[in-house]
Amino acid sequence: MSEKSLLESLLITPGETLTEVLLDREIRPTKLAVMANIDIKELNNVIIGKEKISDDFALKLEYALKIPKTFWINLQKNYDFEKSKLNKNN
């Protein structure tokens, strides 16, 4: 495994954090999709890291989970920053 691959594997995606919240609260993704009025495909793509957390998505998470929108937005920005920094250095 290359150093870049190793470092990328250490980055925690916003979707992984969302998954942990759902596990802690015993909420299935399908239930969150209904609670937050989020398309299940979009939710699954965020969970697996294929899509970013948008402002609208973060607002829906805030409404459903009572975790501030700013938390989700900052999580996404920090992840994007670390990933771009990693890509520049390697």
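The values are calculated or read from the model by the stated rules, or taken from the named source; none is laboratory data. In this text the structure is predicted, and so the values were computed from the model without any measurement. Methodologically, a virtual Cβ is constructed for each residue, glycine included, from the backbone with ideal geometry; neighbour enumeration extends over all protein chains shown. Surface areas here come from the heavy atoms of the whole protein model, side chains and all, with no ligands, DNA or RNA. Shrake-Rupley method; radii C 1.70, N 1.55, O 1.52, S 1.80 Å.
With charges set only on the Cβ (+1 for Lys and Arg, -1 for Asp and Glu), what does the dipole of the chain come to about its Cα centre, in debye to the nearest 20? List each step's numbers first, then the result.
Working: 14 positive and 14 negative charges, 18 e Å.
Dipole about the Cα centre, nearest 20: 80 debye.
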GNM top mover of 22, 61, 43 - the chain, alpha-carbon springs below 10 Å:
22
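In deg cm²/dmol, rounded to 500, what helix-only [θ] at 222 nm does the chain give when every DSSP H run of at least 4 residues adds -39500 (n - 2.57) and the total is split over its residues? Could the numbers behind the result be given before it?
Working: 6 runs with 68 residues, N = 90.
Theoretical 222 nm ellipticity from helices: -23000 deg cm²/dmol.
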Taking Cα atoms only, helix 55-65 is inclined relative to the longest principal axis of the chain by an angle, in degrees rounded to 10, of 50 degrees
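Hey, can you find the accessible area per residue of the chain for me, probe 1.4 Å, expressed in square angstrom? Before the final figure, lay out each step's value.
On the way: 6110 Å² over 90 residues.
Using a 1.4 Å probe on heavy atoms only, each residue of the chain averages 68 Å².
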Could you work out how far helix 14-25 tilts from the main Cα principal axis of the chain, as a 0 to 90 degree angle to the nearest 10?
40 degrees
Using only Cα atoms and rounding to the nearest 10 degrees, what angle (0 to 90) does helix 69-89 make with the longest principal axis of the chain?
20 degrees
Which longest uninterrupted range of the chain lacks any trypsin sites (Lys or Arg not before Pro) assigned by DSSP to a loop state (not H, G, I, E or B) and surrounded by at most 12 other Cβ atoms within 10 Å?
1-49
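For a test of the definition: using alpha carbon positions, the gyration tensor, and the 1.5 limit on a/c, classify region 36-90 as rounded, prolate or oblate.
oblate
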Stretched out fully, how many nm does the piece from residue 34 to residue 55 gain, at 0.36 nm a residue minus the Cα gap?
5.7 nm
Of 52/85; 41/69; 31/52; 41/88, which ones are farther than 29 Å apart at the Cα?
41/88
The chain, accessible surface, carbon-and-sulfur percent (1.4 angstrom probe)
54 percent
